[in-house]
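Have a look at the structure below, then the notes.
The values are calculated or read from the model by the stated rules, or taken from the named source; none is laboratory data. Keep in mind the model is a prediction, meaning the values are calculated, not measured. Here the Cβ positions follow ideal geometry from the backbone for every residue, glycine too, while neighbour counts run over all protein chains shown.
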Amino acid sequence: MLTPQRSLLKVIVLGDSGVGKTSLMNKYVYNKFSQQYKATIGADFVTKELQIDDKLVTLQIWDTAGQERFHSLGVSFYRGADCCILVYDVNIHKTFETLQTWHQDFLRQADPINPELFPFVLLGNKVDVDGGNSRAVSEKVARDWCASRGNIPYFETSAKEGYNVDDAFLCVAQTALAAE
Ligand code: GDP
Ligand code: MG
């Protein structure tokens, strides 16, 4: 019998404080959501196993402990990342503007061999808020941002309602695998 291939993929999640990075991870890994603001889940990373075709994939998803406020995530946070998830809050325009800085920070700190081909995935989170009536960034503007950066995959998500969360992380795994 064939032994399935195994892959361990390091995934890091970047974006302004409060956009829902920890919530998205918690929803995906534990299927839990909390309104309470918690700056950290108290661990460097959480893991989730999934199967893609004949491959067993372990996603090692790294969270920050709130240091993103100061843009001071250590080198070990970035080092060896196989995929970088960028997150903004669709209701707060500033968090979309900062994406550019996070994108650049990542490329500078992680210094991937082929920056043009490095797998990023963008998540526009909190689409549930106010039934979508408080949106500050349109889907079109977000998709254009992605298109002008080598066609970064884009998902609109709600960690609160679980909307698109599994699909987004599946795409993360697929994109990272394809780049391996
Ligand atoms: P982080 O600083 O990026 O890790 O953000 P958190 O995950 O700590 O979330 C910040 C706040 O936003 C918390 O109060 C969460 O409950 C809330 N939150 C996160 N995701 C969503 C979402 O999709 N919808 C709504 N309504 N609230 C969210
Ligand atoms: Mg957090």
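Within segment 160-176, is even one residue farther than 19 Å from residue 17 by Cα, modelled with pLDDT of 95 or more, of a type in the set (A, V, I, L, M) and surrounded by fewer than 22 Cβ atoms within 10 Å (Cβ to Cβ)? There is at least one residue in segment 160-176 that is farther than 19 Å from residue 17 by Cα, modelled with pLDDT of 95 or more, of a type in the set (A, V, I, L, M) and surrounded by fewer than 22 Cβ atoms within 10 Å (Cβ to Cβ).
Being surrounded by 14 or more Cβ atoms within 10 Å (Cβ to Cβ), farther than 20 Å from residue 17 by Cβ and modelled with pLDDT of 95 or more holds for only one residue in 112, 119, and it is 119. Selection of helices (runs of 4 or more DSSP H) fully inside segment 57-140 by the criterion of at least 3 residues being over 22 Å from residue 27 (Cβ atoms) and touching a helix residue (DSSP H, G or I) at 6+ places or on another chain (Cβ under 6 Å) returns 99-110. Contact map, segment 10-39: first residue closer than 17 Å to residue 74 by Cα, second residue within 13 Å of ligand 2 (Cβ to nearest atom) and acidic (Asp, Glu), Cβ cut-off under 6 Å, separation 6 or more or different chains; pairs are 17/68.
The residue of segment 48-69 that is surrounded by the fewest Cβ atoms within 10 Å (Cβ to Cβ), among those that are away from ligand 2 (no atom under 13 Å from the Cβ) and either basic (Lys, Arg) or under 14 Å from the mean Cα position of the chain (by Cα) (or both), is 55.
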